[in-house]
Every structure is written in structure tokens, then in C-alpha cells.
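The values are calculated or read from the model by the stated rules, or taken from the named source; none is laboratory data. Quick caveat: nothing in here was measured; it's all calculated off a predicted structure. Counting neighbours? That spans all protein chains shown, and the Cβs are built from the backbone with ideal geometry, glycine included. To get the accessible areas, we keep the full protein, side chains included, count just its heavy atoms, and leave off ligands, DNA and RNA. Shrake-Rupley method; radii C 1.70, N 1.55, O 1.52, S 1.80 Å.
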Amino acid sequence: MTADIRTTRPYFRFKRGTLTLLIETRATAKISNVKTQLLSALQAHDEDNSFAGLNTSNIKLLVQQADADSQYRPLADTTKVSDCGLADDDAIYFVLQKDDGSWEDPHAADYDTDAQDVDMSY
């Protein structure tokens, strides 16, 4: 019997503001490795150098608590993906460290609720 590829190589949706990146990883990978993958993806498509000088210590990964809309749980760098309670296609929010050492508040655009009605009548 072969293993389900989605359990051994899950992908996750990494969200920040209006940005969503899909990244495939291994269930056995540590969160620190996942942050390295995320940083590589960010820098590969960084046309305006927004992420220049960024390193993995300036990134925090968070998952939304199932029982609360505004509560987030940080993912520890030393934890394996398989030990985080994550499932294939889950959303992981990422925030960046500010210059003063504090962290951004997590926010990702929810196009179902954030989208404004557009009048398409002529």
C-alpha cells in the first residue's frame, strides 16, 4: 500500500495581507525549514525589494485557533509539521518583526467578507 502524497508532502497556504503563497513541504520537516522555504518564495518574487534583508528570525508563523476567530497559536521552529496539528491545505499566517522588535498583527484579506459590492450595471 502506498502512502497518500498529501499526508507525506502536504501543501499549505501562507497568508499575509493580500498575499497568499502555496508551499509544499514534508510532514517530517521542522517549522524552521518551512520558514526557509517561505523566505525563498518571498524573495524569488520580490520585485520591489520589500523582503530584502529579511531572514527567518524575522518571520513568525501562526495558525488560527479553531474555537476563536481572532486567536492565533504560534508554531515553534523546532516542531515538526506532523506534530503541529496541521492538515493539507491549511492556512498558516505569517507576520514580520517590526524595526522596534514587536510583531505585526496577523491579517489576511478574506475576499468573502472584505470584498465590497461592485455595481456592474451600466
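Note on region 17-26: residues that are open to solvent by 70 Å² or more (accessible area, probe 1.4 Å), in a strand (DSSP E or B) and touching a residue at least 12 places away in the same chain (Cβ under 8 Å) amount to 1.
May I ask you to say which residue of Thr78, Thr7, Thr36 is at pLDDT 95 or above, open to solvent by 60 Å² or more (accessible area, probe 1.4 Å), part of a helix (DSSP H, G or I) and β-branched (Val, Ile, Thr)? Before the answer, list the steps.
On the way: Thr78 fails: part of a helix (DSSP H, G or I); Thr7 fails: at pLDDT 95 or above.
So the residue among Thr78, Thr7, Thr36 that is at pLDDT 95 or above, open to solvent by 60 Å² or more (accessible area, probe 1.4 Å), part of a helix (DSSP H, G or I) and β-branched (Val, Ile, Thr) is Thr36.
Here Val63 meets the list (1) modelled with pLDDT of 90 or more; (2) under 19 Å from Asp110 (Cβ atoms); (3) loosely packed, with under 14 Cβ neighbours inside 10 Å almost entirely, failing just condition (3). What tally of residues in region 39-60 results from selecting those that are touching a strand residue (DSSP E or B) at 6+ places or on another chain (Cβ under 8 Å) and outside any strand (DSSP E or B)? So the answer is 6. Among the conditions (1) of a type outside the set (A, V, I, L, M); (2) without any contact (Cβ under 8 Å) to a residue 40 or more places away in the chain; (3) open to solvent by 50 Å² or more (accessible area, probe 1.4 Å), Asn58 misses just one, which is (3). Within region 66-75, the set of residues being among the hydroxyl-bearing types (Ser, Thr, Tyr) and open to solvent by less than 70 Å² (accessible area, probe 1.4 Å) comprises Tyr72 only. The numbered conditions (1) touching a residue at least 24 places away in the same chain (Cβ under 8 Å); (2) open to solvent by 70 Å² or more (accessible area, probe 1.4 Å); (3) in a strand (DSSP E or B) are all true for Leu96 except (2).
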